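Q: One structure, as structure tokens, below. Some questions next.
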Amino acid sequence: MLYDKIKEECAKRKISIRLLEEKTGLSNGVISKWKSCSPTLDSIKKVADFLGVTVDELISDKVS
């Protein structure tokens with residue numbers, strides 16, 4: 001669910017997940033790994049800040 005929300009937010013902004021990883025200082029491919037393992041709160045916060053959304057918006061079960 002987290003990965004899908006990030007993918008959706010990237011699509012809205014017309015940026016790739018790879019570019020998001022690069023701009024937030026995350027390793028190449030790390031966001032894709034979040035499909036099967038939990039990221040650190042610090043990593044989620046970096047992504048949320050870059051995308052201009054809250055951490056709650058990224059982790060919420062609500063459909064946007």
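The values are calculated or read from the model by the stated rules, or taken from the named source; none is laboratory data. Quick caveat: nothing in here was measured; it's all calculated off a predicted structure. Here the Cβ positions follow ideal geometry from the backbone for every residue, glycine too, while neighbour counts run over all protein chains shown. Note: areas computed on protein heavy atoms with side chains; ligands, DNA, RNA excluded. Shrake-Rupley method; radii C 1.70, N 1.55, O 1.52, S 1.80 Å.
Q: Looking only at segment 22-45, which residues are within 15 Å of LYS5 (Cα to Cα) and charged (D, E, K, R)?
A: Correct list: LYS33, LYS35, LYS45.
Q: GLY25 passes all but one of (1) at pLDDT 95 or above; (2) open to solvent by 80 Å² or more (accessible area, probe 1.4 Å); (3) not aromatic (Phe, Trp, Tyr); which number fails?
A: Only one criterion in (1) at pLDDT 95 or above; (2) open to solvent by 80 Å² or more (accessible area, probe 1.4 Å); (3) not aromatic (Phe, Trp, Tyr) is unmet by GLY25, namely (2).
Q: Can you pull out every residue in segment 1-35 that is in contact with a Phe, Trp or Tyr (Cβ under 9 Å, 6 or more places away or on another chain) and small (Gly, Ala, Ser)?
A: Passing the criteria: only SER32.
Here's the yes/no breakdown for (1) on the phi < 0 side of the Ramachandran plot; (2) among the aromatic types (Phe, Trp, Tyr); (3) open to solvent by less than 90 Å² (accessible area, probe 1.4 Å):
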{"position": "TYR3", "(1), (2), (3)": "yes, yes, yes"}
{"position": "GLU8", "(1), (2), (3)": "yes, no, yes"}
{"position": "ALA11", "(1), (2), (3)": "yes, no, yes"}
{"position": "LEU19", "(1), (2), (3)": "yes, no, yes"}
{"position": "THR40", "(1), (2), (3)": "yes, no, yes"}
{"position": "VAL47", "(1), (2), (3)": "yes, no, yes"}
{"position": "GLY52", "(1), (2), (3)": "no, no, yes"}
{"position": "ASP56", "(1), (2), (3)": "yes, no, no"}
